[in-house]
1. Residues of the stretch 89-115 being modelled with pLDDT under 95 and either hydroxyl-bearing (Ser, Thr, Tyr) or in contact with a Gly (Cβ under 7 Å, 6 or more places away or on another chain) (or both), which ones?
2. With the condition kept exactly as written, say whether any residue in the stretch 11-26 is in a helix (DSSP H, G or I), more than 30 Å from Arg90 (Cα to Cα), modelled with pLDDT under 50 and in contact with a helix residue (DSSP H, G or I) (Cβ under 6 Å, 6 or more places away or on another chain).
3. Kindly establish whether Ala76 is touching a Leu at 6+ places or on another chain (Cβ under 8 Å) and either modelled with pLDDT of 90 or more or buried (at least 16 other Cβ atoms within 10 Å of the Cβ) (or both).
4. What number of residues within the stretch 93-113 satisfy the criterion of being closer than 23 Å to Glu41 by Cα, more than 26 Å from the chain's Cα centre (by Cα) and not acidic (Asp, Glu)?
5. In the stretch 41-64, which residue that is assigned to a loop (DSSP other than H, G, I, E, B) and either exposed (fewer than 11 other Cβ atoms within 10 Å of the Cβ) or among the hydrophobic types (A, V, I, L, M, F, W, C) (or both) is modelled with the highest pLDDT?
6. Name every residue in the stretch 21-38 that is surrounded by fewer than 18 Cβ atoms within 10 Å (Cβ to Cβ), under 19 Å from Ser118 (Cα atoms) and of a type in the set (A, V, I, L, M, F, W, C), in order of residue number.
7. Quick check on the stretch 94-112: of everything there that is part of a helix (DSSP H, G or I) and of a type in the set (A, V, I, L, M), which residue is nearest to Glu84 (Cα to Cα)?
Amino acid sequence: MADLDSAVPRDAIVSIGAPRHSRRLTNKVLAAFNHAYSVGEVEVARRLREILAEIDDDEIAVPPTDRRGADALGQADLWMGFVEARNRYRRACDTAPRDVREVAEALVEMQAAYRAWSLS
């Protein structure tokens, strides 16, 4: 039996909807990274981010209309920005006496970071 890679061009495989195993792996690693970073497991998150950097998303072309998952490292960086903004907001809320201006600024920063991440 012929090897699928040698028998069918890669573009044809993508166009007929064959599973994108590398993208699925990327999505799972990205989800694990997001969780680890958000709960403060910085070392685990660092290792997962290194894995994301090693995964070659260019092996299978991502259609231009399907942006989600196209840039896993970019999404990871946006998630880190959101978590850092969330942590700043929490610190501002937990500080006694509470500085209303600091809380408001931290909230705006957190909302902007979340919007940037959610639109990626």
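The values are calculated or read from the model by the stated rules, or taken from the named source; none is laboratory data. Because the structure is predicted, anything quoted here is derived from the model rather than measured. Note that we place each Cβ from the backbone using ideal geometry, even for glycine, and neighbour counts take in every protein chain shown.
1. If the condition is that a residue be modelled with pLDDT under 95 and either hydroxyl-bearing (Ser, Thr, Tyr) or in contact with a Gly (Cβ under 7 Å, 6 or more places away or on another chain) (or both), then Thr95 is the only one that fits.
2. Looking through the stretch 11-26, none of the residues is in a helix (DSSP H, G or I), more than 30 Å from Arg90 (Cα to Cα), modelled with pLDDT under 50 and in contact with a helix residue (DSSP H, G or I) (Cβ under 6 Å, 6 or more places away or on another chain).
3. Numbers: touching a Leu at 6+ places or on another chain (Cβ under 8 Å): yes; either modelled with pLDDT of 90 or more or buried (at least 16 other Cβ atoms within 10 Å of the Cβ) (or both): yes.
Yes: the conditions hold for Ala76.
4. Counting residues in the stretch 93-113 that are closer than 23 Å to Glu41 by Cα, more than 26 Å from the chain's Cα centre (by Cα) and not acidic (Asp, Glu) gives 1.
5. So the first thing to find is which residues in the stretch 41-64 are assigned to a loop (DSSP other than H, G, I, E, B), and the list is 41, 55-56, 60-64.
In the following step, the residues that additionally are either exposed (fewer than 11 other Cβ atoms within 10 Å of the Cβ) or among the hydrophobic types (A, V, I, L, M, F, W, C) (or both) were identified as 55-56, 60-64.
Working: Ile55: 82, Asp56: 57, Ile60: 47, Ala61: 48, Val62: 50, Pro63: 50, Pro64: 47.
Among those residues, the one meeting the criterion is Ile55.
6. Residues of the stretch 21-38 that are surrounded by fewer than 18 Cβ atoms within 10 Å (Cβ to Cβ), as a first pass: 21-22, 24-25, 27-28, 31-32, 35, 38.
From what is left, the residues that are under 19 Å from Ser118 (Cα atoms) are 24, 27-28, 31-32, 35, 38.
Those that are surrounded by fewer than 18 Cβ atoms within 10 Å (Cβ to Cβ), under 19 Å from Ser118 (Cα atoms) and of a type in the set (A, V, I, L, M, F, W, C): Ala31, Ala32.
7. As a first pass, look at the stretch 94-112 and keep what is part of a helix (DSSP H, G or I): 94, 100-112.
Subsequent filtering for residues that are of a type in the set (A, V, I, L, M) retains 100, 103-104, 106-108, 110, 112.
Details: Val100: 19, Val103: 14, Ala104: 16, Ala106: 10, Leu107: 12, Val108: 13, Met110: 8, Ala112: 12 Å.
Restricting to residues being part of a helix (DSSP H, G or I) and of a type in the set (A, V, I, L, M), the top hit is Met110.
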